[in-house]
Amino acid sequence: MYKQFQLKTDHHSQMIDITEELQRFIAEKGIEEGLMVVSSMHTTAGVTVNENADPDVKTDMLMRFDELYPWNHPKDRHGEGNTASHMKTSTVGHAQTLIINEGKLVLGTWQGVYFCEFDGPRNRKYSVKIMT
């Protein structure tokens, strides 16, 4: 079972909670047990699992990514000027594998699934594959 999702990001860097959209897809398809792989279709945007209770976590993460990978680094050579976004995506990863049990994503109390934009705003895609 496969589906490609689209979203529009609003900021240069942001983390968009896609947990509910993924859960709706599971419910639509009537999946009770399996694995879900969620994959960004871009080299400057990734997917991660992290806290979804306190919005300051997203703010702090994006701030720290900017500190670790500054947008304008004098040694960067990539012609598009977005080396930092490639580094951030490689750090969070382009995909996550999630467990589906009894029709629900298996996530911890405070966990959510995030699409991570590092070079926006843009129109983006991510793919979901469910294996039962």
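Computed from the coordinates by the stated procedures, all read-outs in this text should not be read as laboratory data. This one's a predicted model, so the numbers in the text were calculated from it and none came from an experiment. Here the Cβ positions follow ideal geometry from the backbone for every residue, glycine too, while neighbour counts run over all protein chains shown.
A protection proxy built from the mean count of other Cβ atoms within 10 Å ranks the segments 104-117, 25-38, 69-82, most packed first, as 104-117, 25-38, 69-82.
Between Thr132 and Lys8, the FRET efficiency estimated from the beta carbon spacing at R0 = 35 angstrom works out to 0.70. Scoring 2-10, 118-126, 41-49, 89-97 by mean Cβ neighbours within 10 Å over their residues and listing the highest first yields 41-49, 118-126, 89-97, 2-10. Counting only the backbone N, which residues of segment 37-55 are under 12 Å from the spot 7 Å out from the Cα of Thr19 toward its beta-carbon? Zone members listed by number: 49-55. Segment 22-40 and segment 81-110 have Cα centres lying 15 Å from one another. A straight chain from Glu28 to Ala95 at 0.36 nm per residue would run longer than the Cα-Cα distance by 21.9 nm.
Note on segment 1-72: Cα Rg divided by 2.2 N^0.38 Å, N the number of residues, gives 1.31. For Lys75, which lysines qualify as cross-link partners when the Cα separation must be under 21 Å and same-chain residues fewer than eight apart are set aside? List returned: Lys88. Short-range pairs are left out: with C-alpha atoms under 8 Å and at least six residues apart, the relative contact order of the chain is 55 percent.
Rounded to whole numbers, the Karplus 3J(HN,Hα) couplings from phi for segment 94-110 are 8, 8, 9, 10, 10, 8, 10, 9, 6, x, 10, 5, 8, 9, x, 3, 9 Hz, using 6.51 cos²θ - 1.76 cosθ + 1.60 with θ = phi - 60°, and x at Gly and Pro.
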